[in-house]
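For reference, the structure discussed in these notes is given below.
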Amino acid sequence: MFDAIRRRPVFWGGLGLLLAALAIAWGLRSKAMEEARMHMPERQSALAQEGLRTAEDEFQTLTDDLRSRAQTLAQDTVIVDELRAWSGGDERPDGLVRHLADRRTEKRTSVEVYAPTLRLLAWSGVQMPADRAPARDALLQSPQVSVSIDEDVRRGLAAWWPVRYEGETIGVLRVVRVVSYQPPVQNRYIQGFSLEEEWSRRTREPISLDWTPRDDSLEDATPHTVLREAGGAPLVRASVSKPPPERVLERAKARYDHAIALGVALVFLWVSIGAWEWYCALPVRGEGDRSLAGLRAAAARFSLAALVWWSTRYALLELDVPARFQDEHGLLSPLFDPSHLASTFGFGLMRSAGDLLITAVFGVLFALAWLHLAARFRLSAPSLQDLAERVQKTVPRRPSSARFLGALAATAGVLLASLFFLAAYVRHAVLDSTLDFFSRTGLLPQPLVLVVLCALFLLVVATVLIATGSLWVSLRMLVRYRPVWWARGMPILSVAVT
């Protein structure tokens, strides 16, 4: 034991530091959970207030964005000129209608232009009622934010902005964002959405919204806040139920769970590196040194290193690393979103586009390692002709028809298995995803499609490398166990596999 540490101090020292860090993280996790149990009511209230602050921030961001869009459109020269030129008759201004019709409107958003009398002149996008609009005088004087309710199906936030020319209000513009949609029937084609669901995912606490808040309804024991427009009028009431103790404990240990998962992943990767160094430490000093015992020792060490390598890959899947570190709206979050690609093939090796890419990287590195091992078996020569002559002149050490045919069958099996797995990966990447691999609007495909294609290319490279290494090993075994009746076929076979 001490001799092994003395020979490899860096590996054992690094492993010791990682294990010590894991022990410290585990101790801090236990301490955090104990403190959470001791101060449970305070922690419950703090989590509820944190959820309410997040709701306030998100609501402020949403209303600011709507007001900014409404202000920009209210200053649009085409809209201003069309409202100035409109005579006020029964006919709507054609130029204004065409301008809004040609304008690209974002999803779940509508743009409407009203006359000073609040008569609707032109619109683009979804239509929402104006039943809870502020008073006409207020709309003509200053920007306003209101709520638009379409029965029990849709809820929207609306930003009103007066359109002015030389100080005179000549119209009003409204930008509406649908923030809640609950259709009577939902299926794979019709899906509902709501701010409650979005905010609940971000805060990890159940948030409920009351779209008809009244001042006399705000007195209760449930933690709540009233989301108001700039003038102070209540728009939406947001409330958060106090989380149960189990959720408080889960939140208390979540940060340490991430640290522990990262530490365990680093331990597996460090051990994988150590296993590879242990395999490479087996010397090969020359051609005459490549005895059967030496090759068996190299193969045994490589097998153990390969087992550790793929155990590391499945450990990362079990630990959900690195997907667990991605925020819902993070830059790399689409890579690990199963709505784009999700397959159970390989016990999770391609449960998302990001996991498929990581698996492909693992596969290429494994293939390179396999090629390194196969190089120990490879019969080399300056040219193919010299290689064929060498194979023909080599006297088989242990002629055996059974082992010779077994080596041929094993080689064919490895090659067919490699092709099968490659074909299966390609098939599942296409059938188990929602990505469109055949539609392109630019020079390059969509980023996620490009990631999947790069992963499949890496798998093709890995398959070629594994096949090449397998043929090198096969030739060595075939020469060793070549029976007498196959003497003339070996030169042709040696050229074919080289």
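For the reader, a short list of remarks on this structure follows.
- Along the axis of the charge dipole computed for the chain (Cβ charges of +1 for Lys and Arg, -1 for Asp and Glu, origin at the Cα centre), the listed residues H224, Y165, Q44 are led at the positive end by Q44.
- Over all projection directions, the Cα-based convex hull of segment 87-188 averages an area of 7.7 nm².
- Computed over the chain, relative contact order equals 12 percent, with contacts defined as Cα pairs under 8 Å that lie 6+ residues apart.
- Taking other Cβ atoms within 10 Å as a rough exposure proxy, L173, L15 sort from fewest to most as L15, L173.
- Net length available on complete extension from S142 to T212 is 22.9 nm, with 0.36 nm assigned per residue and the Cα-Cα distance removed.
- Mean-position separation - Cα centroids, segment 29-94 and segment 171-192, in angstrom: 16 Å
- Coil-residue trypsin sites (Lys or Arg not before Pro) of segment 111-171, DSSP, other Cβ within 10 Å capped at 15: R119, R132
- Per-residue HN-Hα couplings for segment 317-328 [Karplus 6.51, -1.76, 1.60; θ = phi - 60°; Hz; x = Gly/Pro]: 5, 5, 7, 6, 9, x, 4, 5, 8, 8, 6, 4
- Extension gain for the segment E56 to A467, taken as residue separation times 0.36 nm less the Cα-Cα distance, is 142.1 nm to one decimal.
- The chain, helix-only ellipticity at 222 nm - DSSP H runs n ≥ 4, -39,500 (n - 2.57), divided by all residues, nearest 500: -19000 deg cm²/dmol
- Rounded to the nearest 10 degrees, the angle from helix 353-377 to the longest Cα principal axis of the chain is 10 degrees.
- Between L17 and L269, the modelled labels are 1.4 nm apart [label points 7 Å from Cα along Cα→Cβ].
- For the pair segment 194-213 / segment 119-164, the C-alpha centres are spaced 23 Å from each other.
- Förster radius 41 Å - calculated FRET efficiency between R92 and R228 (Cβ-Cβ, nearest 0.05): 0.75
- Alpha carbon convex hull of the chain, projected area averaged over orientations, nm²: 36.2 nm²
- Placing R0 at 30 angstrom, the Cβ-Cβ distance between H258 and T344 gives a FRET efficiency of 0.75 after rounding to 0.05.
- Debye log10 I(q)/I(0) for segment 136-274, one point scatterer per Cα, at q = 0.14 Å⁻¹: -0.87
- Here Y189, Y481 are placed in order of increasing Cβ neighbour count within 10 Å, fewest first, which gives Y189, Y481.
- With Cα atoms, 0 to 90° folded angle of helix 40-74 axis to the chain main axis: 70 degrees
- Net charge dipole size for the chain [Lys, Arg +1 and Asp, Glu -1 on Cβ; Debye, nearest 20]: 3980 debye
Every number in this text was worked out from the coordinates using simple rules, so none of it is lab data. The shown structure was predicted, so the numbers you read here are calculated from the model rather than taken from an experiment. Positions of Cβ are backbone-derived with ideal geometry, glycine not excepted, and every protein chain shown enters the neighbour counts.
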